[in-house]
Amino acid sequence: MTAGGFDSATRISVGQALTAEDIAAAGLHADEDVARYATRLGDDALILSQRLSWWISRAPELEEDIALGNIALDLLGHARSLLTYAGTAGGKTEDDLAYFRDEDDFTCVHLVQLDPGDFGHTIARQLVYSLYAYELYTALSHSDDPTLAAIAQKAVKEVEYHVDHAWQWAMRLGDGTEESHRRMQAGLDQVWPFVDELFEDDDLTDRLKGVAVQPSSLRPAFDDAIRRVLAESTLELPSVPQARTGGRRGEHRESLGFVLAEMQSLARMHPGASW
Amino acid sequence: MADSSPQASTDPGTTATSSPEQEQFDRIIEQDSRIEPRDWMPDAYRKALTRQISQHAHSEIIGMQPEGNWISRAPSLKRKAILIAKVQDEAGHGLYLYSAAETLGTPRSVLNDQLLTGKAKYSSIFNYPARSWADVGAIGWLVDGAAIQNQVPLCRCSYGPYGRAMVRVCKEESFHQRQGWEILHSLANGTPAQKQMAQDAVNRFYGPALQMFGPPDGDSPNSQQSMQWKIKRFSNDELRQRFVDMIVPQAEALGLTLPDPDLRWNEERGHYDYGDLDWDEFKAVLSGNGPCNAQRMAHRIRAHEEGAWVREAAAAHARKQADVETKESTLLRHA
Ligand SMILES: [Fe+2]
Ligand SMILES: [Fe+2]
């Protein structure tokens, strides 16, 4: 299956046309469903980046200000590419989508919306998201949609580092001191109710067979990886019930409204302005 | 660049008693070569450098805060990305500088304690608030711009590790200045409200940015010694003058005015004259009574304290790993 209007498809290949600017300049036109799919992945990356960038100037050590900043920057890059591509369906820019959509129109999962907790909570969330995103982008690299495939092929290399970062910290915290073990386990317990939502198939992913990744297909590899890292870190797989979610349908946590209020405030004070 | 230090070829040093080590040190300074960590150096040189480099490092770290405030609200995703990268660069600068300071024998943890207990100072400019998005532009253009004027000559500093750290830092600072100028350029060419925002920011940051070069030469007791040691190459007023000469045409290109009625070209001097700066305010801010001193310190202290358990965990894990490795290698040896 192709996603409408691929006259410039040859320009979209690995190592080429991967940034938001390149995608915007390539004259692409994503079809509606592909745009919806790109939007949800873009929203996940955008909100997680927004959450993570909070740490810059607040991290436990300078090296972590830099590392977490790096990851936030990578995620923002993924969001920009995905939202730019999504915007091509309706003549919108990445900024139209990021700053001028209301809460109901965002389709991010609840995991990325959770209020920031301590460093253990952040590492737990990063571990879960990065392991999921690694499997996601690995699979999406083979998408029939060349733009999504190219974005994914670039992203997966970066996410590999994010996995490594979270994995290393899970081990340090799990194995470090009594307090760090307790906090890391608590972080895992807090984010765990939001894991299932990552792997839910729905009408959209069903319709986009070959283009989108079936989220449920990623679960076994994720489970394997998470079991390994938890075992190495002397941490336990949480046994907590799953939360009611609905992020993909625009049903969000209260916290998302606050994230968006802050993120969008300045842009909305000056509609139509350029920066 | 010519060396403008008038004492360059005469008395480069300190003491009257001339040990062979002192003579060797003096010779290195005189020949414009570099002192390296293992070379002998006078205690006063070591102390002055440790002070300067660590204050510079602290400034980079505290300097992350005013602009860091705007990461969450940056008005476009592209600007957000550039800003994250910039603030992250400043953390990197802090790291290189702490490493350079450590080569003089004081560990980073001690330097950090000096910052947190208020014993060490940092650049007073970061005690001013970044109230609007335009302040991010003004900080990049004026504050990073002033930092470049200060730091380019430091690339030739007599102490090797500091000079080399500055080479890396300066490359990034010039990106920062460019980006700040671009932010202001977009605003100055935007809506009337955006242009006003840009002008307000420049009005607020102009004076404090000029004060980043330190007190006037007549009032700067440490400068002379520092120039003799070739740590500093130009006086505070010389650097300030260069900075003013640089920013006047840049402000014109932006279509913004600089808030100084005395600013005018002096044909005779071949430089811009500028008005008196408020040095009472400078001293007040430096001594702790600026608009944000307490806030900046509280932020840093909180981050340090809340991160303690993480650093302890990392250290404990590293110790356990080392124990395992020692045991393994012992086993190997006995195998
Ligand atoms: Fe810097
Ligand atoms: Fe800078």
Region B:240-330: translational diffusion in µm²/s, Stokes-Einstein, Kirkwood Rh over Cα pairs, 37 °C, 0.692 mPa s: 175 µm²/s
Kirkwood Rh and Cα Rg combined as Rg over Rh, evaluated for region B:79-218: 1.01
Region B:143-149 - phi-based ³J(HN,Hα) in whole Hz, Karplus 6.51/-1.76/1.60, Gly and Pro as x: 6, 5, x, 5, 4, 4, 4
Size descriptor, Kirkwood hydrodynamic radius, that averages inverse alpha-carbon separations across region A:203-245, Å: 12.8 Å
Inter-chain Cβ neighbour average for residues A:88-98, partner chain, 10 Å: 1
Per residue Cα convex hull volume in Å³ - calculated over region B:160-293: 148 Å³
Shielding by other protein chains, A:253-264, mean Cβ within 10 Å: 1
Charge dipole of chain B about the Cα centre (unit charges at C-beta), most positive-ward option of B:Ala253, B:Leu239, B:Gly160: B:Gly160
Radius ratio Rg over Rh of the protein assembly as shown, counting only Cα atoms, Kirkwood formula for Rh: 1.02
Intensity falloff of region A:109-245 expressed as log10 I(q)/I(0), Debye formula with alpha-carbon point scatterers, at q = 0.11, 0.12 Å⁻¹: -0.41, -0.48
Projected-area average for region B:144-213 over all orientations - Cα convex hull basis, square nanometres: 4.8 nm²
Alpha carbon Rg of region A:65-122, scaled by the compact-globule rule 2.2 N^0.38 Å: 1.33
Crossing angle, helix A:62-87 versus chain A [Cα axis fit, 0-90 degrees, rounded to tens]: 30 degrees
Point-charge dipole on Cβ atoms (K/R +1, D/E -1) for chain A, about Cα centre, debye to 20: 160 debye
Descending principal axes extents, region A:9-116, alpha-carbon based, whole Å: 44, 34, 19
Convex hull of chain A built on C-alpha atoms - directionally averaged projected area, nm²: 14.0 nm²
Residue (of A:Phe222, A:Gly187, A:Leu173) at the positive-pole extreme of region A:170-236, dipole from beta-carbon charges: A:Leu173
Distant-in-sequence amide H partners of B:His271 (H built 1.01 Å from N, under 5 Å): B:Asn266
Calculated P(r) of region B:279-335 - Cα pairs past 16 Å, %: 67 percent
Fluctuation leader among B:Gln211, B:Gln22, B:Gln52 - chain B, Gaussian network, Cα springs under 10 angstrom: B:Gln22
Mean Cα-pair separation over length for chain B, i.e. relative contact order, pairs under 8 Å, 6 or more apart, %: 18 percent
Residue among B:Thr326, B:Tyr98, B:Tyr272 farthest towards the positive dipole end of the protein assembly as shown, charges placed on Cβ: B:Thr326
Inter-chain shielding of B:78-87 (mean C-beta neighbours from other protein chains, 10 Å cut-off): 6
Entries of B:Lys47/B:Lys232; A:Lys154/B:Lys171; B:Lys80/B:Lys283; A:Lys209/B:Lys78 with Cα pairs more than 24 Å apart: A:Lys154/B:Lys171; B:Lys80/B:Lys283; A:Lys209/B:Lys78
Residue-by-residue Karplus 3J(HN,Hα) for region A:207-221, coefficients 6.51, -1.76, 1.60, Hz, glycine and proline x: 5, 9, 3, x, 9, 8, 8, 6, x, 4, 6, 8, 5, x, 5
Average Cα contact separation per residue, region A:129-199, under 8 Å, 6 or more apart, as relative contact order %: 24 percent
Debye intensity ratio in log₁₀ form over the Cα atoms of chain B, taken at each q of 0.08 Å⁻¹: -0.44
Mean separation of Cα contacts under 8 Å, 6 or more apart, over the residue count of chain A: relative contact order %: 23 percent
Region B:258-335: trypsin sites (Lys or Arg not before Pro) in DSSP loop, at most 15 other beta carbons within 10 Å: B:Arg269
Chain B - charge dipole about Cα centre, Lys and Arg +1 at Cβ, Asp and Glu -1, debye rounded to 20: 1360 debye
Nearest-20 debye value, the protein assembly as shown charge dipole, Cβ charges on Lys, Arg, Asp, Glu: 700 debye
Those GluC sites (Glu not before Pro) in region B:225-328 that DSSP places in a loop and that have at most 11 other beta carbons within 10 Å: B:Glu267, B:Glu268
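Read-outs throughout are calculated quantities, based only on the coordinates presented, and are distinct from any laboratory measurement. What you see is a predicted model; the values in this text were computed from it and never measured. So basically every Cβ, Gly included, is an ideal-geometry build from the backbone, and we count neighbours across all protein chains shown.
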